[in-house]
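The values are calculated or read from the model by the stated rules, or taken from the named source; none is laboratory data. Computed from a prediction, not measured in an experiment: that's the story for all the values here. A quick note on method: Cβ atoms are made from the backbone with ideal geometry, for glycine too, and the neighbour counts reach across all protein chains shown. What goes into the accessible areas is simple: the full protein's heavy atoms, side chains included, and nothing from ligands, DNA or RNA. Shrake-Rupley method; radii C 1.70, N 1.55, O 1.52, S 1.80 Å.
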Amino acid sequence: MKVLVINCGSSSVKFKVFEMPKEILVAEGNVEKIGEEVGLFSYTKGNKQLFYRSQVDVKTHNEALSLIAKTLVDASVGIIKDVNEIKGVGHRVVHGGEGFDRSVILTDEIITKIEEYQALAPLHNPHNLSGIRASMEFFPDSLQVAAFDTAFHTTIPPVAYLYAIPYEFYEKYRIRRYGFHGTSHRYVARRAAELMGKGKYDINVITCHLGNGCSITAVRNGRSVDTSMGLTPLEGLVMGTRSGDIDPGVIFHMIDSLGLSLKEVQDILNKKSGLLGISGVSNDFRNLLEKMEEDRVLLAIDIYSYRIKKYIGAYMAVLGRVDAIVFTGGAGENVPEVRERALSGLENFGIVLDNEKNYQNFAKEEEISATNSKIKVFVIPTNEELRIAFDTYQMVIKK
Ligand code: ADP
C-alpha cells in the first residue's frame with residue numbers, strides 16, 4: 001500500500017511516498033518558493049535514478065499539491081497510474097493544542113479544532129491546513145490523517161508546562177508549554193530503547209533535535225516529561241535564526257527604549273537571531289564550519305552548544321536516572337563539533353564521549369560514547385515522515 005506524507009511550510013511543500021508496511025521510500029520531492037516569482041520543484045524516485053529540479057510557477061499550496069498529484073501519476077516519471085492508489089495521506093500538523101495526544105483521521109470536526117489552534121501557531125497551522133484542504137481535493141479517495149508535533153508532549157505534567165504567570169491565562173487562553181518536534185523525539189527515543197535492548201517504556205533518555213529549529217526533551221519511561229520549546233517554537237535552545245530563551249525584558253526594552261515595533265522584534269527573534277544573529281554569517285553549519293577561524297562564528301557555535309549543555313544538565317536533574325542521550329536532526333546528525341562542546345566536561349555525570357567515533361563519518365545510527373560511559377550517547381537520524389507514514393498506514397488498515 002502506498003502512503004503519501006505531506007509537510008506544508010509557509011512557502012514549501014515537502015512530500016514522500018512510502019510503500020507500507022515495507023517502509024520503502026518510492027518517491028520524494030519538494031515544491032519550494034511557493035508564491036514567489038519563480039518556484040522550484042525537485043523530485044526523486046525512490047531508486048534515485050530519476051531526479052529533476054526545475055523552475056515552476058506555483059502561487060499557492062493548492063497549486064503545489066496539484067503539481068505533486070500530476071507528477072505521481074505522470075506516465076513517464078510517476079509511480080502510480082491513478083491517485084486512488086495512494087491509500088492514505090499523512091499530514092504533519094504543528095500545533096495540536098491540548099486536544100490531540102496521537103495521530104487522528106481528519107474529519108470536518110477535527111479540521112475545525114485545528115483551525116481553533118491557529119491563533120497559537122499562526123506561522124504554521126494555516127499552511128498545514130491549506131495542505132490538508134488541497135490534499136482532500138487532489139486525493140479524494142485517500143484516508144487523510146493528521147500527525148501533530150505536539151502530541152508526544154501531552155504527557156508533560158503541569159509543573160513543567162505551566163508558566164508562572166497569572167493562572168487565568170492558562171484557564172482562559174490555554175497559554176502554556178506545548179512543545180514541538182514530538183514525532184522526531186518519540187521516534188529517536190523508541191530507537192534508542194531498541195538499540196539498548198530495552199522496552200520502549202523502560203528508557204529514560206534526553207533527546208536533542210537540532211535542525212533549523214532545535215528542541216530538547218526529557219523522556220521518562222518512554223514518555224515526554226519536559227521539553228524546551230514552549231507555547232511557540234521560539235523558546236529553548238539557540239536555533240538557526242531563532243533566539244531561544246531570552247529575558248522577556250529584552251523585548252520591552254527593544255520596544256520602549258529602542259523604539260522598535262512589535263513586528264520588528266518578532267522578526268528579529270524569529271528570523272535574525274540564533275546562529276545567524278551572533279555569527280553575522282549564516283544559520284547553516286555547512287557555512288559556519290568553513291569559517292571557524294572567525295571569532296563570531298566560533299562564538300555562535302559555542303553559545304549554541306553551551307545552551308544544549310545547560311538543558312542536558314537540567315534534564316538530568318529532572319530525570320534523576322538517564323540511560324542515554326540522543327542527537328538527531330540535520331545539525332545533531334552532522335556536526336560533531338557541537339556534540340563535543342555540548343558534552344565536554346560532563347564526565348563526573350557519567351557522560352564520556354569517544355571523540356574518535358564522534359568525528360567519524362557515518363550515515364546511520366551510531367553509538368558515540370566511550371565504553372566506560374555510564375550514559376550512552378547515540379546519533380540517530382530522525383525520520384519524521386516514516387513515523388507519520390506508519391501512523392497513517394495503521395489507520396488505513398484499521399478502518
Ligand atoms: P529542518 O529542521 O528544516 O528539518 P534539518 O533537520 O535538515 O532541517 O536541519 C537543517 C540544518 O542542519 C542546516 O541548517 C545545517 O545547519 C545542518 N546540516 C544539515 N546537513 C548538514 C551537514 N551535512 N553538515 C553540517 N550541517 C548540516
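Residues in region 273-295 that are more than 15 Å from the ligand (Cβ to nearest atom) and either surrounded by 14 or more Cβ atoms within 10 Å (Cβ to Cβ) or under 21 Å from the mean Cα position of the chain (by Cα) (or both): Glu294 alone. The numbered conditions (1) more than 23 Å from Gly9 (Cβ to Cβ); (2) away from the ligand (no atom under 14 Å from the Cβ); (3) not aliphatic (A, V, I, L, M) are all true for Lys263 except (1). The single condition among (1) within 26 Å of Asn270 (Cα to Cα); (2) over 18 Å from the mean Cα position of the chain (by Cα) that Ala151 does not satisfy is (2). For region 202-216, check the following and say yes or no: at least one residue is more than 16 Å from the ligand (Cβ to nearest atom), of a type in the set (D, E, K, R) and either crowded, with 23+ Cβ neighbours inside 10 Å or modelled with pLDDT under 95 (or both). No. If the condition is being part of a strand (DSSP E or B) and among the hydroxyl-bearing types (Ser, Thr, Tyr), then region 185-229 contributes Thr207, Ser215, Thr217, Ser224, Thr227. Could you check, for region 338-348, whether at least one of its residues is in a helix (DSSP H, G or I), open to solvent by 20 Å² or more (accessible area, probe 1.4 Å) and more than 16 Å from the ligand (Cβ to nearest atom)? Yes, region 338-348 contains at least one residue that is in a helix (DSSP H, G or I), open to solvent by 20 Å² or more (accessible area, probe 1.4 Å) and more than 16 Å from the ligand (Cβ to nearest atom).
Can you run down the residue pairs with Cβ atoms below 7 Å, 6 or more apart or on separate chains, where the first is in region 300-318 and over 10 Å from Ser228 (Cβ atoms) and the partner is at pLDDT 95 or above and among the acidic types (Asp, Glu)? From region 300-318, the pairs are Ile301/Glu337; Val318/Asp226.
Of all residues in region 266-286, those that are in contact (Cβ under 8 Å) with a residue 60 or more places away in the chain and in a loop (DSSP other than H, G, I, E, B) have Cβ atoms under 8 Å from Cβ atoms of residues that are open to solvent by 40 Å² or more (accessible area, probe 1.4 Å) and of a type in the set (A, V, I, L, M), 6 or more apart or on another chain, in Asn283/Leu276. Each residue in region 363-396 was checked for being touching a Ser or Thr at 6+ places or on another chain (Cβ under 6 Å) and part of a helix (DSSP H, G or I), and 3 of them qualify. If you scan region 287-299, which residues turn out to be under 15 Å from Gly240 (Cα atoms) and free of Cβ contacts under 8 Å to residues at least 24 places away in the same chain? Of everything in region 287-299, those that are under 15 Å from Gly240 (Cα atoms) and free of Cβ contacts under 8 Å to residues at least 24 places away in the same chain turn out to be Asn287, Leu288, Arg296, Val297, Leu298, Leu299.
Take Tyr170 and decide whether it is surrounded by fewer than 16 Cβ atoms within 10 Å (Cβ to Cβ) and of a type in the set (Ser, Thr, Tyr). It is true that Tyr170 is surrounded by fewer than 16 Cβ atoms within 10 Å (Cβ to Cβ) and of a type in the set (Ser, Thr, Tyr).
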